[in-house]
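Heads up, the thing below is written out as structure tokens.
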Amino acid sequence: MTDAGLFLTFEGVEGGGKTTQMRLLVERLRGLGYTVVENYEPGGTEIGRQIRRIVLWAANQNLSPTAELLLFFASRAQAVDEVILPALAKGCIVISDRFTDSTLVYQGYARGLGRDVVLALDKVACRGLAPRLTLCLDLDIELGLHRARARNAEDAHEETRLDDESLQFHKRVREAYHDLSRREPERVKLIDAGRRPEAVAECIWRLVEPLLPRL
Ligand code: TYD
């Protein structure tokens, strides 16, 4: 943890509207005068974007589960050093679209690599940095995948290796997020993303507002 700044993350299943909600929150905070630094994973840095291409490119079907795990952490380590820690040290609010919880649920749980290996790598890559609050957008899997796949088809998206996984895989992802929120109820908040975007944004705001530093 860090004394200065505030570190928040967005998490959730495919198609839950994470990106839209993150944009709404960032705009609201900036409107109030906060300095907000955004990160996304994998890919929040130039090096991370190169890693993102390898790990999400649909054609890389033979990427091994362990290589996949290490690539997600390689991208994260770069973002922690280059973007997140320096911004927190300056007192900024940092918001990341996905972080280690994604690796816990997708690789640790859904792929079956286990929680321990993910937490051990987290210690190396993040050196104790953990989000103060994690906003986890929760949605029925069939509905979420339908939304995500429609979006992928629309823009001829090639970064679909994970979206293309089976329904069963994505159901395990959702279960794992629920498990995470039971383990850490103070930090990981499940948010019903099936509602109107404005209602979801209001729910998020009620969780974030009490944590904001005084301007
Ligand atoms: P993202 O770009 O957030 O796409 P979306 O918002 O459409 O889900 O994430 C890309 C994919 O990478 C997503 O399927 C989740 C997966 N992922 C992991 O499997 N492990 C990780 O550690 C991270 C950060 C993402």
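FYI, it's all coordinate maths here, none of it is from the lab. If you're wondering where the values come from, they're calculated on a predicted model, not measured in any experiment. Cβ placement follows ideal geometry from the backbone for every residue including glycine, while neighbour counts extend to all protein chains displayed.
Magnitude of the charge dipole for segment 48-128, about its Cα centre and with charges confined to Cβ atoms of Lys, Arg (+1) and Asp, Glu (-1), is about 100 debye. Distance from the alpha carbon centroid of segment 148-215 to that of segment 35-112 works out to 16 angstrom. Look at ARG76, ARG187 and count the other Cβ atoms within 10 Å of each Cβ; fewest to most, that gives ARG187, ARG76.
What length, rounded to one decimal in nm, is gained on full extension from GLU154 through to ARG115, with 0.36 nm per residue of separation minus their alpha-carbon distance? Let's see the in-between values first.
Working: separation 39, 0.36 × 39 = 14.04 nm, distance 3.51 nm.
Working it through step by step, the gained length comes to 10.5 nm.
From least to most packed, judged by other beta carbons within 10 angstrom and beginning with the fewest, GLU41, GLU198 follow the order GLU198, GLU41.
In the chain, taking the dipole from charged Cβ atoms about the Cα centre, the farthest positive-side position among GLN107, GLY16, ALA125 is held by ALA125.
Can you pull a Stokes-Einstein diffusion coefficient for segment 6-211 at 25 °C (0.890 mPa s), Rh from Kirkwood over Cα pairs, as a whole number of µm²/s? All intermediate terms of the calculation are to be shown ahead of the outcome.
Working: Rh = 17.2 Å.
Estimated diffusion coefficient is 142 µm²/s.
Overall, the chain carries a charge dipole of about 380 debye about its Cα centre when +1 sits on the Cβ of Lys and Arg and -1 on the Cβ of Asp and Glu, all other atoms neutral.
Between the amide H of TYR40 and those of ASP97, distances stay under 5 Å, these residues lying 5 or more places away or on another chain, with hydrogens modeled in the peptide plane.
Give the value in nm², to one decimal: projected area of the alpha carbon convex hull of segment 150-195, averaged over all directions. Let's see the in-between values first.
Values: hull surface 18.1 nm².
Result: 4.5 nm².
List the trypsin sites (Lys or Arg not before Pro) in segment 86-120 that DSSP assigns to loop (not H, G, I, E or B) and whose Cβ has at most 12 other Cβ atoms within 10 Å. Which are they?
Numbers: sites: LYS90, ARG98, ARG111, ARG115; in loops: LYS90, ARG98, ARG111.
Filter output for segment 86-120: LYS90.
For segment 1-110, the alpha carbon positions stretch 46, 28, 24 Å along the principal axes, listed from largest to smallest. Neighbour counting of Cβ atoms within 10 Å sorts the residues LEU143, LEU133, LEU215, LEU180, fewest neighbours leading, into LEU215, LEU143, LEU133, LEU180.
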